[in-house]
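The values are calculated or read from the model by the stated rules, or taken from the named source; none is laboratory data. Only a predicted model underlies this, so the values are computations on that prediction, with no experimental measurement involved. Ideal geometry is used to build each Cβ from the backbone, glycine not excepted, and the neighbour counts take in all protein chains shown. Keep in mind that these areas ignore ligands, DNA and RNA; they rest on the heavy atoms of the full protein, side chains included. Shrake-Rupley method; radii C 1.70, N 1.55, O 1.52, S 1.80 Å.
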Protein chains: 2
Amino acid sequence: MALRSVSIIGIGTTRFGVLEGQTIKSMAVAACNDAIEDAGIDRKQIQAFYLGNYISGMMVGQETIAPLIADALGLRKDIGATKVEGACSSAAIALRQGYLLIASGVYNVVLIAGVEKMTSALREKTTASLSASIDQETEGLSGLTFPGFWALIARAHMHEYGTTVEQLGMVSVKNHLNSMANPRARYRNAVSLGDVMNSKLICDPLKVFDCCPVADGAAAVVLCASDMAKEYNPKRVDIIGSAQTTGYSTLYAHKDITTLPSTVLAAKQAFDMAKVKPGDVDVVELHDCFSPAEVVDSEDLGFFEKGKGGRAVEEGITQVGGKLPINPSGGLLAKGHPTGATGVGQIYEVVKQLRGEHENQIRNAEIGLTHNAGGTGSVCTVHILRRV
Amino acid sequence: MALRSVSIIGIGTTRFGVLEGQTIKSMAVAACNDAIEDAGIDRKQIQAFYLGNYISGMMVGQETIAPLIADALGLRKDIGATKVEGACSSAAIALRQGYLLIASGVYNVVLIAGVEKMTSALREKTTASLSASIDQETEGLSGLTFPGFWALIARAHMHEYGTTVEQLGMVSVKNHLNSMANPRARYRNAVSLGDVMNSKLICDPLKVFDCCPVADGAAAVVLCASDMAKEYNPKRVDIIGSAQTTGYSTLYAHKDITTLPSTVLAAKQAFDMAKVKPGDVDVVELHDCFSPAEVVDSEDLGFFEKGKGGRAVEEGITQVGGKLPINPSGGLLAKGHPTGATGVGQIYEVVKQLRGEHENQIRNAEIGLTHNAGGTGSVCTVHILRRV
């Protein structure tokens, strides 16, 4: 079928970090109100609300948060408010629901948000909650957690392609450097390669600076059919590619653990749909939950040949000012990772880039890409945006 | 926009009850395989998977279960597998996503399921988990749980309309009588009005038999564009009405606590869309999580005048063989309530009715309705089905 063009006409967000006194509801309401104001619409025009969230039940004992937030926002009562969950892809999946329902003509205006409250939970609860997207009947039962998951992948990548621990560390150095200018980031200090290499060992070869921090935060966007978007915010950005795929739920099912097939598949779908190639992309926000993830993802998305992702970081290709800037926001590693909010948080950053309003502005950025690998890569989302 | 007609071409389910040794994954896989087989399709034809689930994270520590189940089912990897959560409406919301995406032409074949694993959790965990759809910043904090929520509503209804505790008890008597013939039900024994009235007091005026039991279980359906459905299962049932609305997240926000506005709104939407009236409906499966809920819902859905729901039960109107049979499956009160599965479980029961295959068959049933009120009525879903 022919899909209509869909635009992002409003964006809003909280800072990502330790937001004391802020709740799921207060953060999501703040981000949504920002996005609605930015869009210049009346909230009664919103025809559906999709919310990404991963673990609000396990972390803070609150579920059914989509209607809770919709009620607090004063949205219309005759519309649906729906939470979607797909681990770290949750918010991007919410975006995709809104995209599909506008593109197919069901709705004209949809509000999308993502939210997570993480820093008020006990540390033990945090680990158990984050591990909830590992299959608890198999690898979860045997004690695998995500630092272990990505450490195994890092080791395999180092063995297979000669990627070095220093190259992994450089991902963290770059992303911390980027976050210094980003007022929305949890960490805003530079770290040196020495800092990374000498930081606490978490799961060999990953040190603490190779691991993203948890955070509280929310982000929101207003989607609108492009042919109506002109009436509202003139700074609209179009969604030209949207993909969601499914991967293996366990590491042991992967034939090759240096790649996540769901990312390869989602990238192909999104690029085909957008009718652009990896070389056309000006700015990328991808899922660097751990430093090796940025290396693996940058290859799986088609930006670098398999095995060359580590060298690309070392050569400065992925820094702001490089040929392909990756995570100029600071990424998950430095901006922070409020799991259920991250997908829309990335969209916020890329829209700022495409509007020419970003603190780490990529000159003349026209096309941007966002990527999330949820869980063990069991779910993946890729979106491609274009400046109008 | 003009929506295409959508049909249910396959149904599957587990029994609802204490399913020892069964997991989220094993139950959902069993129900989905049944539905796929019933539909007579190849699973590679499925273009999206939507799963309803409420509290798998809190109850069994497993999230991101939609891709987990999709992987175990051997679905295609280039499609999305998405969990949606809206308390006790979760599975019906999943159904609605599939409905909208087929109706609007995005997909032709979508698999929908709902699942919950409840009986293996500690009792304290169960109460905390079920209460997670109450606003934890307000009424949750003050100690309100769902038995209390419905007890308050029951008292108000009794005060306002003269509804009696005996009438509430008769809801339970009827639904237990219905479940005796239903091999999918948790409870299959008759209870007398005396049994109900003398059962343990939970929250005045509600006794234990006025409260639905938790359960493990899964249910699934295959949706297909009606114009393609003829090729598959000849016993297709069409979805002629689908609505999802938002309500108040707290009881104190309700002006009148004898009614849930989200149900009134959803019913109006679904009836308008289906172009039928309450009097046209032959069989109903509605959300009797507590006996007063059946009374209130039956009024809010438009089947009885406000305040007359209790009398309707007493007069036998809602029993099998009555003018409007409600919950011939046994309902949540006797079939059981695996929260995230219930919405699709109701669809299973109504499709069996419309196919003429039900154990408590309503003669010549042509039009059926399902209803879920999630949380505090903060989310509501209504679906209307018609035999082809």
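Residues are listed down the side, and each one gets a yes or a no for (1) under 21 Å from A:G241 (Cα atoms); (2) modelled with pLDDT of 95 or more; (3) out of contact with any Ser or Thr (no Cβ under 8 Å at 6 or more places or on another chain):
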position	(1), (2), (3)
A:L324	yes, yes, no
A:G330	no, yes, no
A:E349	yes, yes, no
A:R355	yes, yes, yes
A:E359	no, yes, yes
May I ask you to list pairs of residues, at least six apart or on different chains, whose Cβ atoms are under 8 Å apart, with the first in segment A:110-133 being under 27 Å from A:V221 (Cα atoms) and the second being modelled with pLDDT under 90?
A:S129/A:A121
Counting only residues that are assigned to a helix (DSSP H, G or I), under 27 Å from B:S129 (Cα atoms) and in contact (Cβ under 8 Å) with a residue 40 or more places away in the chain, how many does segment B:70-93 have?
5
Which members of segment B:298-313 meet the condition of being touching a helix residue (DSSP H, G or I) at 6+ places or on another chain (Cβ under 6 Å) and either in contact (Cβ under 8 Å) with a residue 40 or more places away in the chain or open to solvent by less than 10 Å² (accessible area, probe 1.4 Å) (or both)?
B:S298, B:E299, B:D300, B:L301, B:K306, B:G307, B:G309, B:G310, B:V313
In segment A:19-47, how many residues are within 13 Å of chain B (Cβ to nearest Cβ), more than 19 Å from B:G375 (Cα to Cα) and under 22 Å from the mean Cα position of the chain (by Cα)?
6
Only one residue in A:L193, A:L168, A:L201 is surrounded by 19 or more Cβ atoms within 10 Å (Cβ to Cβ) and either within 14 Å of chain B (Cβ to nearest Cβ) or modelled with pLDDT of 95 or more (or both). Which one?
A:L168
Going through segment B:111-164 one residue at a time, which ones are open to solvent by 30 Å² or more (accessible area, probe 1.4 Å), β-branched (V, I, T) and in a helix (DSSP H, G or I)?
B:T127
Within segment A:11-31, count every residue that is closer than 14 Å to A:V60 by Cα, of a type in the set (S, T, N, Q) and surrounded by 23 or more Cβ atoms within 10 Å (Cβ to Cβ).
0
Positions within segment A:242-271 being more than 9 Å from chain B (Cβ to nearest Cβ), surrounded by fewer than 23 Cβ atoms within 10 Å (Cβ to Cβ) and closer than 19 Å to A:L95 by Cα, in sequence order
A:F271
Could you check segment A:350-366 and list, in sequence order, the residues that are under 18 Å from the mean Cα position of the chain (by Cα), closer than 18 Å to A:I239 by Cα and open to solvent by 10 Å² or more (accessible area, probe 1.4 Å)?
A:K352
For segment A:248-349, which helices (runs of 4 or more DSSP H) that fit wholly inside it have 1 or more residues that are of a type in the set (V, I, T) and farther than 26 Å from B:R76 by Cα?
A:291-300, A:309-314
Is it fair to say B:R236 is of a type in the set (D, E, K, R), touching a helix residue (DSSP H, G or I) at 6+ places or on another chain (Cβ under 6 Å), buried (at least 18 other Cβ atoms within 10 Å of the Cβ) and in contact (Cβ under 8 Å) with a residue 40 or more places away in the chain?
yes
Condition check: under 21 Å from A:L95 (Cα atoms), at the interface with chain A (Cβ under 7 Å from one of its Cβ atoms) and touching a Gly at 6+ places or on another chain (Cβ under 8 Å). Does B:V84 satisfy that?
yes
Being more than 15 Å from A:I55 (Cβ to Cβ), at the interface with chain A (Cβ under 7 Å from one of its Cβ atoms), touching a Phe, Trp or Tyr at 6+ places or on another chain (Cβ under 8 Å) and not small (G, A, S) is the filter here; which residues of segment B:50-74 pass it?
B:D71
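Residues are listed down the side, and each one gets a yes or a no for (1) aliphatic (A, V, I, L, M); (2) closer than 21 Å to A:P147 by Cβ; (3) touching a His at 6+ places or on another chain (Cβ under 8 Å):
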position: A:I240; (1), (2), (3): yes, no, no
position: A:H254; (1), (2), (3): no, yes, no
position: A:V264; (1), (2), (3): yes, no, no
position: A:G316; (1), (2), (3): no, no, no
Looking at segment A:105-112, is at least one residue in contact with a helix residue (DSSP H, G or I) (Cβ under 8 Å, 6 or more places away or on another chain) and small (G, A, S)?
no
Checking A:V222 against (1) in a strand (DSSP E or B); (2) open to solvent by 40 Å² or more (accessible area, probe 1.4 Å): exactly one of these is not met. Which one?
(2)
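Okay, residues lined up against (1) within 19 Å of A:A334 (Cβ to Cβ); (2) among the acidic types (D, E):
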{"site": "A:E124", "(1), (2)": "no, yes"}
{"site": "A:S129", "(1), (2)": "no, no"}
{"site": "A:Q136", "(1), (2)": "no, no"}
{"site": "A:A154", "(1), (2)": "yes, no"}
{"site": "A:E160", "(1), (2)": "no, yes"}
{"site": "A:V165", "(1), (2)": "yes, no"}
{"site": "A:K174", "(1), (2)": "yes, no"}
{"site": "A:D195", "(1), (2)": "yes, yes"}
Answer yes if at least one residue in segment B:370-387 is open to solvent by 10 Å² or more (accessible area, probe 1.4 Å), in contact (Cβ under 8 Å) with a residue 12 or more places away in the chain and under 16 Å from B:V283 (Cβ atoms), and no otherwise.
yes
